[in-house]
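Enquirer: One structure, as structure tokens, below. Some questions next.
The values are calculated or read from the model by the stated rules, or taken from the named source; none is laboratory data. Since this is a predicted model, take the numbers as computed values, not measurements. Cβ sites come from the backbone with ideal geometry, for glycine too, and all protein chains shown count toward neighbours. Please note that ligands, DNA and RNA were not included when accessible areas were found on the heavy atoms of the full protein model with its side chains. Shrake-Rupley method; radii C 1.70, N 1.55, O 1.52, S 1.80 Å.
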Amino acid sequence: MTTEHRAPGGGTIEDIVAVPDNEVALESLSQWQLARRRFRKHRLALIGLFIFGFMVFLAVFGPLIVPFNPMFLPGAIKAGGDQPSLAHLFGTDANGRDVFAMTINGARISVAVGLFSMIIAGVAGVTVGAVAGYFGGWVDNVLMRVVDVLFAIPFLFIILVSSRFFGKGDVLSLVLIFGLLSWPLIARLVRASFLSLREADFVDAARAVGVGDRRIAFRHILPNALGPVIVAMTLLMASNIVLESFVSFLNFGISETQISWGNALANAQGALSFGDWWWAFFPGMAIALTVIAVNFVGDGLRDALDPRSRE
Amino acid sequence: MTQGGTTQPMEPSTAAPTSSGEPLVVVQDLVKYYPIFSGLFKRHIGDVRAVDGVSFVINKGEVFGLVGESGCGKSTLGRTLLRLLPQTSGSATISGEDIFAKRGKDLKQLRRRMQIIFQDPVGSLNPRMPVSDIIGEGLLAQADGTNQWKNRKTRDERVGEYLEVVGLRRDYARRYPHEFSGGQRQRIGIARALALSPDFVVCDEPVSALDVSIQSQILNLLLDLRREFGLTYLFIAHNLSVVQYISDRVGVMYLGKIAEMAPVERLYADPRHPYTVALLSAIPDADPRRRKRRLVLKGDVPSPANPPSGCRFHTRCWLRTQLGDPEICSTEEPALRDLGGEQFTACHFAERINPELIKVAAAGQSLVDTSDASDDAEPVSAAAPSA
Ligand SMILES: Nc1ncnc2c1ncn2[C@@H]1O[C@H](COP(=O)(O)OP(=O)(O)O)[C@@H](O)[C@H]1O
Ligand code: SF4
Ligand SMILES: [Mg+2]
């Protein structure tokens, strides 16, 4: 504390000069405009968005541009499939199927599985986590026990069992299973943020002026909890795309009558050891590129939504 | 002023200690426990007795200072009064209206009258809201037929007014909290509290987190605003020198209870509780050549989950040691009793305190240079620097 208790000069405001005035130009922009500006300055996020946008484009229009029938097996010239050439840019598999067409057509199922399972997990996880964290008490207790149980169930077990019941290769059931099994992760994250944020002084300040529960949850707590959730959701989408390839690899994913990056990789299981790298390389690269792109977009979004990050 | 300088005789801990002036806030036997749960089944195994039977009156237009070490329950008291935490028991009124009885619409209406200013200039402003929303949000929440606050333009106009009132520029409304310095943020927090035209404001250590150079500006601003708007403050601090500057009357809190309460001059000139004496001995002296012995309290602050028997201060009391450990200190809880002249103390031996005894008590302790200007530390070594 100051030694001089009776400070002279009532309420001078020198500390105001700490803010330079050159930011005035920004002031007429809305929060969303500001967020968009910050996102556009995030180079990696833009690259990520471009790549991911391209993958979504392939998912929607790819099969129209480069038609592919997984059941058409013309046969290859070489036993292990033909190497990349002008006729087959990415080569062919042992059955003579064009890997280029396979890669483009695989986007639809892979992107759909990743994207929709993320949306399901996000909506369910944020809702459950927010309700548990905001209200606490027995509501929190019940919801978190459900989450614990879901966590305890082994992922693969569910997939193996459900592929028995729902028939192997159903995209919708894969999306549902992935989504329903990954929301608990998001729910825990959101709950933890809500629990700590609801104790924040700015939340008490809002309560003190009479702001209601709903606005506090949506305007004060959720926006501050969102950063890590967005990152977790993009990681989750990436891991679900990889997981789809994994279960396809185990022959429990998408059926042979359909094509995804995952089952394209699965078909390549044996080929790699004979040096026929192209079967696996191109679908694998598509997965890797998408995963990285999605993560970049997540990082960019998190930063863009944070007013504290620099312009 | 409706009464003379005399105080009413009172029954300790059944009636709030009175003082001259027109009461605005009357708190009686306020108790706030935080339950402690343990184990898989969340069994209730005890309570943190953060506020444990506190009574006081705050008069209209007055600044009532509340001091005590971190963790003694000051913030809990302030927040419970403002209905930010559910009370355990006791009562509180503002202008005779029962604060704890209000529900729904009535509670919302009541909130206009009582506001809070926080200690932490960072944590008290939502980083994702522009200043216009931070200050205007209360207006929106309180919009009704009697005002035009539903209208964004009206709100923004009022936000601008209050920014100017606290010494900021109108056009700062569109900025975000991170663009401001600590002192400016504190001003924004003050504007938010005042925008609803409250009568009563709890200032919870509003300058403790600020640079020393900014502290006096904010204190002076608070005093100016009190005059301008006829405000009444409950001013919380862990530091007696800030409280001395701003308060009319002071309550000293220890482990959830009021140890002593008196008009500010009286408390500083003639403290009647050994805890107050210790707090005062730690105030840095303006004169650097004058060194004084500091009465450093021994031991740690006991846990509020398990407070000492009898007098809560007895485990650390120098007066008790000087008097040869009288038994009553550890067996019988001293009531807050009236010493006359609006001074109240909760010590069995308050009358035995004298300068000679203080000197003797401090003599056994090392000489501490209390004139250190940067000393914002608390008087007691065991306490954390902030709440
Ligand atoms: N939410 C809480 N849950 C449990 N204990 C708490 C909580 N908040 C504060 N306490 C405890 O209550 C006591 C009083 O805290 P507080 O009112 O913050 O004190 P002060 O403001 O005087 O530093 C402390 O022992 C603190 O640990
Ligand atoms: S009652 Fe006894 S222990 Fe308590 S403050 Fe007085 S002298 Fe100290
Ligand atoms: Mg505190």
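Enquirer: In chain B, what percent of the accessible surface is made up of carbon and sulfur (1.4 Å probe, ligands and nucleic acids excluded)? If you can, show how the numbers build up before the last one.
Expert: Values: 7870 of 15370 Å².
Carbon with sulfur: 51 percent of the solvent-accessible area.
Enquirer: Further question on the same structure: Round to a whole number: what % of the accessible area of segment A:43-305 belongs to carbon and sulfur, probe 1.4 Å?
Expert: Values: 8820 of 12030 Å².
Whole-percent figure for carbon plus sulfur exposure: 73.
Enquirer: Partner chain Cβ atoms within 10 Å, averaged over the residues of B:102-112 - can you pull that number for me? Numbers along the way, then the final one.
Expert: Numbers: counts 0, 0, 0, 1, 0, 1, 4, 1, 1, 5, 2.
Mean inter-chain Cβ contacts per residue within 10 Å come to 1.
Enquirer: Here's a follow-up. Compute the accessible area per residue over segment B:127-262, keeping the other protein chains in place, probe 1.4 Å, unit Å².
Expert: 28
Enquirer: Find the all-direction average of the projected area of the Cα convex hull for chain B, expressing the result in square nanometres with one decimal place. Display every interim value, and only then the final one.
Expert: Numbers: hull surface 85.0 nm².
Taking the Cα atoms of chain B, their convex hull projects to 21.2 nm² on average.
Enquirer: Could I ask something else about it? For B:217-226, what's the mean count of beta carbons from other chains sitting within 10 Å of each residue's beta carbon?
Expert: Per-residue shielding by partner chains comes out at 3.
Enquirer: Okay, moving on. Report the net charge of residues surrounding B:A278, where surrounding means a beta-carbon distance below 9 angstrom and charges are Lys +1, Arg +1, Asp -1, Glu -1.
Expert: Details: positive: B:R294, B:R316; negative: none.
Value of the local net charge: +2.
Enquirer: Just in segment B:74-161: which trypsin sites (Lys or Arg not before Pro) are loop by DSSP and have at most 10 other Cβ atoms within 10 Å? List each step's numbers first, then the result.
Expert: Numbers: sites: B:K74, B:R79, B:R83, B:K102, B:R103, B:K105, B:K108, B:R111, B:R112, B:R113, B:R128, B:K150, B:R152, B:K153, B:R155, B:R158; in loops: B:R83, B:K102, B:R103, B:R112, B:R113, B:R128, B:K150.
Answer in residue order: B:R103.
Enquirer: Among residues other than A:M71 whose Cβ falls under 11 Å from its Cβ, what is the net charge (Lys/Arg +1, Asp/Glu -1)? Could you put the intermediate results ahead of the total?
Expert: On the way: positive: A:R97; negative: A:E256.
Overall, the nearby charge balance is 0.
Enquirer: Now for a different question. Tell me, which residues of segment B:120-143 get at least 50 Å² less accessible area when the other protein chains come in, versus the chain alone (1.4 Å probe)?
Expert: Checking the loss per residue gives B:N126, B:P127, B:R128, B:E137.
Enquirer: Same structure again: Tally Lys and Arg at +1 and Asp and Glu at -1 over the other residues with C-beta under 11 Å from the C-beta of A:I216: what net charge comes out?
Expert: Working: positive: A:R198, A:R207, A:R214, A:R215, A:R219; negative: A:D204, A:D213, B:E137.
Summing Lys/Arg as +1 and Asp/Glu as -1 gives +2.
Enquirer: Counting only other chains, what is the mean number of Cβ atoms within 10 angstrom of the Cβ of each residue in peptide B:242-249? Kindly include the intermediate steps, with their values, before the conclusion.
Expert: Working: counts 3, 0, 3, 6, 1, 0, 0, 0.
Per residue, the average neighbour count from other chains is 2.
Enquirer: Give, in whole angstrom and from largest to smallest, the semi-axes √(5λ) of the equivalent ellipsoid of the protein assembly as shown, with λ running over the eigenvalues of the Cα gyration tensor.
Expert: Values: eigenvalues 841, 158, 108 Å².
Ellipsoid semi-axes (Å, largest first): 65, 28, 23.
Enquirer: On to the next question. Counting each DSSP H run of 4 or more residues in the protein assembly as shown as -39500 (n - 2.57), what helix-only mean residue ellipticity at 222 nm follows after dividing by all residues, to the nearest 500 deg cm²/dmol?
Expert: Numbers: 22 runs with 306 residues, N = 698.
About -14000 deg cm²/dmol.
Enquirer: Could you tell me which of the pairs B:K105/B:K150; B:K32/B:K102; B:K32/B:K108; B:K42/B:K105 are separated by over 25 angstrom between their Cα atoms in the structure shown? Present the calculation step by step, with values, prior to reporting the outcome.
Expert: Details: B:K105/B:K150 17 Å; B:K32/B:K102 18 Å; B:K32/B:K108 22 Å; B:K42/B:K105 34 Å.
Where the Cα-Cα span goes over 25 Å, the pairs concerned are B:K42/B:K105.
Enquirer: To continue, here is another question. Picking from B:N220, B:L240, B:S38, whose Cα lies most toward the positive end of the charge dipole for chain B (charges on Cβ: Lys, Arg +1; Asp, Glu -1)?
Expert: Positive-most Cα among the choices belongs to B:S38.
Enquirer: Still on this structure, I have one more. Going by accessible area, probe 1.4 Å, with all protein chains left in place, what is the ranking of B:Y176, B:Y33, largest first? Numbers along the way, then the final one.
Expert: On the way: B:Y176 15, B:Y33 55 Å².
Greatest to least solvent exposure: B:Y33, B:Y176.
Enquirer: Show me the ranking of peptides B:323-334, B:132-143 by mean Cβ neighbours inside 10 Å, starting with the highest. Write out the running numbers ahead of the final one.
Expert: Values: B:323-334: 14.2, B:132-143: 22.2.
Packing order, densest peptide first, comes out as B:132-143, B:323-334.
Enquirer: Whole number please: convex hull volume per residue, Cα atoms of segment A:43-305, in Å³. It would help to have the intermediate numbers written out before the result.
Expert: Working: hull volume 36.2 nm³, N = 263.
In segment A:43-305, the Cα convex hull volume per residue is 138 Å³.
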